Amino acid sequence: MGLISNVMGAIGDSASSVIADQYVEFFTCDSLGQDVLVRQGARKMQKGHNKGDVEVITNGAMIAVPENTACLMVDNGKVVDFTIQAGMYTWDSSSAPSVFAGNDGFLDAAKKLVGETWNRMKAGGEITTQQRIYFVNMLEIRDQKYGTPSALPYHDPEYRNIYIRLNGVFSYQIKDPVKFFTSQVGNIKGQYTNAQFMGSPADPKQPRIEFMDNFSEVLNKCGTVDKIMFADLPSNQGKLRTYMQDALDEEWLKNRGVVVSSVAIGGITPDDKSRERIEQVDQSKMFGADPNALAAQAVLGQTQAMNTAAANANGAVNGLMGMGMVGGMGQMGGGANAAFQFLGQQQQAQQAAAPAPVAAAPAAGGWTCSCGTTNTGKFCSNCGSAQPAPAAAWVCECGTQNTGKFCSNCGKAAPAGPWTCECGTQNTGKFCSNCGKPQP
């Protein structure tokens with residue numbers, strides 16, 4: 001059983017005539033696109049009834065193989081012939097397998113497999129019960145999205161160990177259609193899709209999971225071997241592709257007949273702690289390279305702090321000197337010195353303009369003891385002396401001390417008794433016996 005290339009000049013005119021007389025069926029396949037990886041061939045037209053069995057391909061059937069498509073002939077579930085070369089072929093059940101596979105070295109194993117299958121079939125007697133044609137997509141399957149669910153470690157040559165999240169796309173290609181068919185698809189009826197093979201980022205299949213597992217290893221090589229800064233990874237996609245091929249191609253080609261074609265990064269985002277470190281390193285680099293930039297930053301950064309520290313007796317500049325900052329930063333250049341001179345002038349101006357501190361006034365109802373302590377209670381909080389009674393004070397029967405003519409608690413009138421006039425005369429009547437002034 002073999003595929004015979006139906007190309008003018010490849011066989012004699014008489015043979016062409018015989019083959020032409022045997023055309024009874026025609027098989028082909030439209031482009032499989034980016035979604036379908038394998039599709040079972042179906043008859044497009046028929047000149048004979050083929051005994052009504054759609055699972056048997058009539059001898060002499062025509063098969064048109066499109067570009068970037070492999071055609072597999074399967075007999076009783078076994079691949080007995082295949083081609084990856086586009087063109088028109090004739091199915092000849094009496095011939096040995098032709099195996100139109102080109103000169104690709106990785107198809108040697110497929111050729112050997114087909115040859116061994118053919119020998120086993122001849123030894124056991126050729127009994128055909130089911131024959132099928134399958135078309136395998138050999139296009140580059142693009143736009144396979146990937147993303148890191150959590151931040152991956154990256155040894156950046158500038159920022160050391162940071163953590164980054166990445167997203168992007170990769171592509172793969174079926175290079176050995178026989179291996180892919182026998183290991184991943186099998187004798188299906190209908191078609192086998194990319195979603196069945198790779199899954200999706202939200203629901204990945206094993207090949208996609210293997211891709212992401214190896215991505216950490218690839219990132220490590222980019223940082224430690226090639227010293228690529230994380231921000232430059234998108235411009236080094238050739239390295240990513242090469243390393244991913246090194247990590248996966250041998251295993252994928254051997255087990256599945258698939259290789260990685262390309263890898264592209266769409267976006268890179270450091271996590272919060274890594275972003276903070278990156279900003280600190282960048283700022284330090286800028287200040288170290290340009291003292292004037294440091295001076296400008298010092299002026300801007302300290303303006304608000306100076307407004308708060310202006311009332312401090314030590315002051316902002318003295319505080320910095322206490323930490324040993326002024327002396328160290330003063331050695332960085334004239335720009336830094338000028339900045340701190342400016343800070344000192346500003347602080348002196350603010351302190352000169354600040355109002356002198358005002359002593360706090362005694363609280364309402366308070367009194368000052370003879371020791372000089374201001375109090376609000378009946379006894380001095382410093383020496384314990386009792387609050388002195390005001391002039392002309394009297395104590396009511398209810399115990400309330402008063403200065404007026406009536407008790408502020410119960411309203412009783414002040415009792416009659418001796419009183420001292422302004423002139424110093426002690427009296428018992430309502431008028432002073434010396435100067436005649438009435439009792440206050």
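The values are calculated or read from the model by the stated rules, or taken from the named source; none is laboratory data. All figures in this text were calculated on a predicted structure; none of them were measured in a lab. Glycine gets a Cβ as well: all are built from the backbone with ideal geometry, and neighbour counts include every protein chain shown.
Return the residue satisfying two criteria in turn: it lies in the range 372-387 and is surrounded by 11 or more Cβ atoms within 10 Å (Cβ to Cβ) and assigned to a loop (DSSP other than H, G, I, E, B), and of such residues it is modelled with the lowest pLDDT. Steps first, please.
Of the residues in the range 372-387, the ones surrounded by 11 or more Cβ atoms within 10 Å (Cβ to Cβ) are 373-376, 379-383, 385, 387.
Now restrict to residues that are assigned to a loop (DSSP other than H, G, I, E, B): 373, 376, 380-383, 385, 387.
Numbers: THR373: 86, THR376: 80, CYS380: 84, SER381: 80, ASN382: 83, CYS383: 83, SER385: 80, GLN387: 77.
It comes out as GLN387.
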Next item on the list: Can you give me the number of residues within the range 135-147 that are surrounded by fewer than 18 Cβ atoms within 10 Å (Cβ to Cβ) and either of a type in the set (Phe, Trp, Tyr) or at pLDDT below 85 (or both)?
Entry: 0
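Just checking, which of ALA391, ALA354, ALA361 is at pLDDT below 70, among the aliphatic types (A, V, I, L, M) and surrounded by 10 or more Cβ atoms within 10 Å (Cβ to Cβ)? Walk me through how you get there before you give the answer.
Values: ALA391 fails: surrounded by 10 or more Cβ atoms within 10 Å (Cβ to Cβ); ALA361 fails: surrounded by 10 or more Cβ atoms within 10 Å (Cβ to Cβ).
It is ALA354.
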Next item on the list: Test PHE180 against the criterion of being touching a strand residue (DSSP E or B) at 6+ places or on another chain (Cβ under 7 Å), closer than 22 Å to ASN68 by Cβ and modelled with pLDDT of 85 or more, and give yes or no.
Entry: yes
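Does at least one position in the range 232-242 carry a residue that is within 28 Å of the chain's Cα centre (by Cα), buried (at least 20 other Cβ atoms within 10 Å of the Cβ) and farther than 30 Å from TYR134 by Cβ? Give the derivation first.
If we filter the range 232-242 for residues that are within 28 Å of the chain's Cα centre (by Cα), which is where we start, we get 232-242.
Still in the running and buried (at least 20 other Cβ atoms within 10 Å of the Cβ): 233, 240.
Cutting the leftovers down to farther than 30 Å from TYR134 by Cβ gives us 233, 240.
Among the residues of the range 232-242, at least one is within 28 Å of the chain's Cα centre (by Cα), buried (at least 20 other Cβ atoms within 10 Å of the Cβ) and farther than 30 Å from TYR134 by Cβ, which makes the answer yes.
Which of the residues that make up the range 30-41 are over 9 Å from TYR134 (Cβ atoms) and not in a strand (DSSP E or B)?
So in the range 30-41, the residues over 9 Å from TYR134 (Cβ atoms) come out as 30-37.
Once the filter is applied, which keeps residues that are over 9 Å from TYR134 (Cβ atoms) and not in a strand (DSSP E or B), the range 30-41 yields ASP30, SER31, LEU32, GLY33, GLN34, ASP35.
State all residues of the range 129-160 that are assigned to a loop (DSSP other than H, G, I, E, B) and touching a helix residue (DSSP H, G or I) at 6+ places or on another chain (Cβ under 9 Å); if no residue qualifies, say none. Give the derivation first.
Within the range 129-160, the subset assigned to a loop (DSSP other than H, G, I, E, B) is 129-130, 138-139, 148-151, 157-159.
The answer is MET138, THR148, PRO149, ALA151, PRO157, GLU158, TYR159.
Report whether or not GLY238 is among the small types (Gly, Ala, Ser) and in a helix (DSSP H, G or I).
Values: among the small types (Gly, Ala, Ser): yes; in a helix (DSSP H, G or I): yes.
Criteria met by GLY238.
Of all the residues that make up the range 218-231, how many are part of a helix (DSSP H, G or I) and either small (Gly, Ala, Ser) or loosely packed, with under 14 Cβ neighbours inside 10 Å (or both)?
Restricting attention to the range 218-231, the residues satisfying the condition of being part of a helix (DSSP H, G or I) are 218-224, 230-231.
With either small (Gly, Ala, Ser) or loosely packed, with under 14 Cβ neighbours inside 10 Å (or both) added as a condition, the list becomes 223-224, 231.
The qualifying residues number 3.
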